[in-house]
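Below is one structure, written out as C-alpha cells; the observations come after it.
The values are calculated or read from the model by the stated rules, or taken from the named source; none is laboratory data. Everything quoted here is computed from the prediction, not taken from an experiment. Here the Cβ positions follow ideal geometry from the backbone for every residue, glycine too, while neighbour counts run over all protein chains shown. These accessible areas exclude ligands, DNA and RNA; they are computed on the full protein's heavy atoms, side chains included. Shrake-Rupley method; radii C 1.70, N 1.55, O 1.52, S 1.80 Å.
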Amino acid sequence: MKAACLVLACLCIFNLAANCQTQPQTLNNFPFEETVPLKIVRNAIPANPFTVVGPRGAILGQQDGAFEAWIFPWKIFSNLRITAEMQNYPVPIDVNEQAAVIEVRPDHTMITFSHANFTLREILFAPHKAPDGAGVLAFFEVEAIRPLTLTFNFTPEMKLMWPAASDDRTSPEWVTMPDRGFYMLHLNFPDHAAAVEMPGAEPGILPPYQERPKTYPLQFVLHFNPVHDGNKLFPLLLTLGSDRANSTKESLSEKLSELYRSLRPLYEDTTAYYKKFAAEHVSIETPDKQFDEAFKWAEISIDQLKVETTRSHQETALVAGFYGSGDSARPGFGWYFGRDALWTLYAVNSYGDFAFTRDELEFLLRRQSPEGQIIHEWSQTADLVDWKSLPYPFASSDATPLLLMAVNDYTKISGDTSFAQSHWDALAKAWNFEIAHDSDGDGIYENIAGSGWVESWTPKMPHQEIYLAALDQQASTAFANLAKVTGHAQLADDAEKRAAHIAQQIEKGYYISAPDFYAFSRNPDGAMDTSPTIYPAVAAWDGTFNLSRGSAMLNRWASQEFSTDWGTRDLSPTVSFYDPISYHQGSVWPLFTGWVALSEYRNHRALSGYAHLMQNADLTWKQDLGAVTELLSGEFFRWFGRSTSHQLWSSAMVVTPTLRGMFGLEWNAAEHKLSVTPQLPAQWNEAKLAGVPLGDTRVGIEFHRERTALAVRLTGQGASNAKLTSRAAGAKIENRELMIPLPPVEVGIAHGLPEFGSMTSQMKVLDQHAEARSFSLRLSAPANSMQRLFVRINDAKVHLRIDGAEMPDSHSEMLVRFPVGNG
C-alpha cells in the first residue's frame, strides 16, 4: 500500500506588521483540476529550461526540477534541489537526477521524479491575484513505499534585479518559535529581511559562530512516513519585509501564517483566470490541431508576461521575457521594453485584450521623454536607481514610431477614438520628435536619437536603416488616421503627404536594380550599405504600405540563403561579416521569421509564408514548453545558450502572421467592417475562428471550401451588425456568405522542425505564381532528393499537365525529383 503527501512551497512579499500566531503543522491535500483543456506533456530534458511567471513573481528553472525563485524585483533564492534517503536503503538519492516527465499547463507546471521506491511531483504556479506581495508557489507531492527523509537544499540570495545594488551576501538565522521555526535572511541593514518556513520540517546545516567562515546551503529536512503522513500538505513559506517594522521576527512570523491560510484560494483563482482568458480571446479550429494549440499557447505566453510595477503595484505592463539568471541578477530580459511590447500589441489587439493595450500604452506614455521619445527599456528596479542617467532608457529610436502605429492599430480594431483624443498631446509630441530627427533633409527619421534595429554593425553603426525608414512611413500613415479621427485635419493632411514622400524616398534611395533588392541602410552622402537583409520585410507590417519592387528579394528570403529549416536569418551568408552565432549578423530570430512570413502573405507567397509561420508555431514544443525562444543559431538547429526562453515577441509572431497573414484579417471598427482575404493551406477543407474582436463585440468566422470557391461567413452575436469584405479578386456576397474564387489547382507543403543539430535541408518554395490556366512553382531542395507536395484539384473539369514533376494515380500529391549534384 502506498500513501501520498503534498509538500507546498510558497513565496511571497508582505509589508504589514502583525503579531505572531500559531500555525497548524499539516494541511489537507487538494486536487489540481484540469479546468483548462490545454497541456503539453513530454519526457523531461534536464538541460532544457522552464518558466512559471505571474504578475508578481517567477520560478525559473531546468527540467531536472532545480529552480530559482523571484518575488519582483527580488531574487529570493536559487538552486533548490532535493535529496532523499530511504529506510533500509543505505544510499543517498539525488532526486533531481530522477526527473522523468514535465507537464505544462497555463495555470501550473509539474515535473515528475520517478524512482523505484517513490514518485515525487513538483507542481509550480504563479498566482494571478495574490494578496499584497505574493509571488509564486511550488507544491511537492510524494508517494512512497518506505519511509523517506527528504532534504530541500537552496541558496539564499536576496538580490535586487539588475541594475540596483544589493548586499554582498545575506546572513541566515534559524529562529525558534514556541511551536515552530523558520529561517530569517538578514541583510546588512534592518530595513529588509526574509523568512522561509516549512512547517513540520527541521533545519539542516547550522554552522555555529565559532566555525570558520564557509558558505553552506540552507536546508529543510522533512521526514515522510507513508503510514501516517499520507494526504498531508507540508508548505514551504517565504515572506519578506520591506521596512524596519515589517522585518522583525514577530511580523515575519505572522505573515507566514497569513499566507498559509490562503493557499487553496490562490490556486483556484489562478485556474479560474486562465479558464476565463482562454474562453474570452481568439481561438482557431483547423485540421491541424497542434497548430491550434500553438496559437492558444502563444496568447497565453504573452499574457503571462504581464508584470506589475514593484513600487506601488498600480501599473501592469509587458516585460520582454524570462530565463534563469544563473549567478547574476538578470533573469533573461525580465524588465519592460518599449519596442518589444509595441510589436506585441499587434497580437494583443488581434485577440482583443483592449483593456491591457490601454494599460501598456499608458505605461509607456507616462515615461515619455520631455521631447516626446518613447522608452526603449525600463528596469523593474528603475525607481531604485538614477535610471535616466544610464544609457538604457532611450537606447533605441524605433519605439516612438511603433507607438503611433500601435495606437492606430488599437483604434482601428476597437473603434475607440477616445483614447487617442485623451492622449493627443503625448501622441503629437511623439510625432514631432519623429519628424524633427532628420539631419540630412531627406524627410526620413534617422538613427541619431538611438539605434534603429541593430545595436552593433560592421564596419560602423548605420545613419538611417530601411527598418526605421519603413516604420517612419507607416507611423506617418498611422498618425494621419489618428489626426483625422480626433479632428486635426491639417495635421492629418501633413502626415499623409509625409507618408507618400517617404514611400517615394525609400524607392529612390534604397532600391538596387541589379539584384532587385533593397539596401540595409544609407548614409547622408547617399552611399548605401547593400548588405542583403530581411529588414525590408518590415515595410509590409501594417498593411498600409508595401515595397513596389523586389520579387527577387522575396525569392531569396524564401531560399536557403536566408531561410533555415527553423526560421529566417537576418543577414545573408554571402556577407563577409556574417556570423550565425552573433546577435545581429546572421542568427535566426522568430521575430524575423514572423516579419518575413507576414510580408510573404501580403505579397501572395502563401507557401513560403506558411512554412515560416509553422516554424515559429512548432518551436512551442522544443525548448521552454508553451513558449517560443528568443534566438537560434543561423547554421545549426539549436538555440543560443543565453537565449531568453520565454520571449514576448517570439510568441507574438505566431499570433499576428496567423490572423493577419494566413487568415488575412483587416479591421475597420468605425464602419463595422471586417475584411477577410485568406490564404489557407491547400490541405485544409475548412477552418473556424472564434472570438474575433470588432469594436465592442466579437464574431466568429467560418471558412469552408465549395469546389471552386472558399465560402466565408460570420457567426455569433456580433455578426448581424458586421460587414464582411475582402481584397481577393472576384470576391462577392451570396446568401450572406462571402464567396472567394479559388484557383483550379492548389499545392500544399508539409511542416515540421528538424532534429537538433541539423543543418538546413528541407525543400524551399522560392516563388509561386497562379493564373487562370496555370500554376507555377520555383523550388529548391538538396540534390538527388525526392520531394512530395500535396495537390488539390478544385475544378473537376480541369485536365492536368505537369512539367518537372510526377503525379501518382491518386492525383492528391506531386513528386519532384531533384537532379544529381552537390548542394
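Ignoring ligands, DNA and RNA, what percent of the 1.4 Å accessible area of region 645-710 is carbon and sulfur?
44
Taking the radius of gyration and the Kirkwood hydrodynamic radius from Cα positions alone, what is the Rg/Rh ratio for region 612-654, to two decimal places?
So for region 612-654, dividing Rg by the Kirkwood Rh gives 0.92.
Long-range amide H contacts for Ser396: which residues qualify at under 5 Å (H placed 1.01 Å from N, peptide plane, sequence gap of 5 or more or a different chain)?
His376, Ser451
Dimensions of region 244-383 along principal axes (Cα, Å, largest first)?
58, 47, 32
Cα centroid distance between region 278-330 and region 166-244, in Å?
Cα centroid of region 278-330 versus Cα centroid of region 166-244: 32 Å apart.
State in Å² the accessible area per residue of the chain; use a 1.4 Å probe, count heavy atoms of protein chains only, and round to the nearest integer.
Result: 38 Å² per residue.
If every alpha-carbon in region 636-723 counts as one equal scatterer, what log10 I(q)/I(0) does Debye give at q = 0.10, 0.19, 0.23, 0.24 1/Å?
Calculated log10 I(q)/I(0) at the listed q: -0.36, -0.90, -1.15, -1.22.
What are the radius of gyration and Dmax of region 302-390, computed over its Cα atoms and given in Å?
According to the Cα coordinates of region 302-390, Rg and Dmax are 13.2, 39 Å.
Semi-axes of region 773-823's equivalent ellipsoid from the Cα gyration tensor, sqrt of 5 times each eigenvalue, largest first, rounded to whole Å?
Equivalent ellipsoid semi-axes, largest first: 24, 11, 8 Å.
Distances longer than 20 Å among the Cα atoms of region 672-765: what percent of all pairs is that?
Counting pairs separated by more than 20 Å, the tail of P(r) holds 47 percent.
Rounded to the nearest percent, how much of the accessible area of region 391-539 (1.4 Å probe, protein heavy atoms only) is carbon and sulfur?
Using a 1.4 Å probe with all protein chains present, region 391-539 comes out at 53 percent carbon and sulfur.
Out of the total accessible area of region 182-302 (probe 1.4 Å, heavy atoms of protein only), what percent is carbon and sulfur?
54
Please report, in whole Å, how far the alpha carbons of region 504-548 spread along each principal axis, starting with the longest.
That gives 30, 18, 16 Å along the principal axes, largest extent first.
If you place +1 on the Cβ of every Lys and Arg and -1 on the Cβ of every Asp and Glu, how big does the dipole about the Cα centre of the chain come out, in debye to the nearest 20?
1140
Can you give the Rg to Rh ratio of region 379-513, both from alpha-carbon atoms, with Rh computed by the Kirkwood formula?
1.01
Report the Stokes-Einstein translational diffusion coefficient (µm² s⁻¹, integer) for region 240-290, Rh taken as the Kirkwood radius over Cα pairs, at 10 °C with viscosity 1.306 mPa s.
Estimated diffusion coefficient is 109 µm²/s.
If you line up the Cα atoms of region 176-281 on their principal axes, what length do they span on each, largest first, in Å?
60, 43, 27
If packing is taken as the mean number of other Cβ atoms within 10 Å per residue, what is the order of 258-267, 120-129, highest first?
The peptides rank, most packed first, as 120-129, 258-267.
Just to compare against my own numbers: the Cα pair-distance distribution for region 98-197, 5 Å bins, whole % per bin, please.
2, 9, 13, 15, 17, 17, 14, 8, 3, 1
Once you have all Cα-Cα distances for region 712-786, histogram them in 10 Å bins from zero and send the whole-percent values.
Computed distribution, short to long bins: 14, 28, 23, 21, 13, 1.
Using only the Cα atoms of region 178-225, each taken as one equal point scatterer with no solvent, compute I(q) by the Debye sum, divide by I(0), and report log10 of the ratio at q = 0.17, 0.26 Å⁻¹.
Debye output, listed in q order: -0.66, -1.12.
Taking only Cα atoms of region 457-595, what ratio of Rg to Rh do you get with Rh as the Kirkwood inverse-distance radius?
1.02
Using the 2.2 N^0.38 Å rule of thumb for compact globular proteins, work out how region 327-459 stacks up: its C-alpha Rg over that value, please.
Ratio of Rg to 2.2 N^0.38 Å for region 327-459: 1.10.
Equivalent-ellipsoid semi-axes (√(5λ), Cα gyration tensor) for region 565-703, whole Å, largest first?
31, 16, 14
I want the antiparallel fraction of DSSP beta bridges within the chain, as a percent rounded to 5.
95
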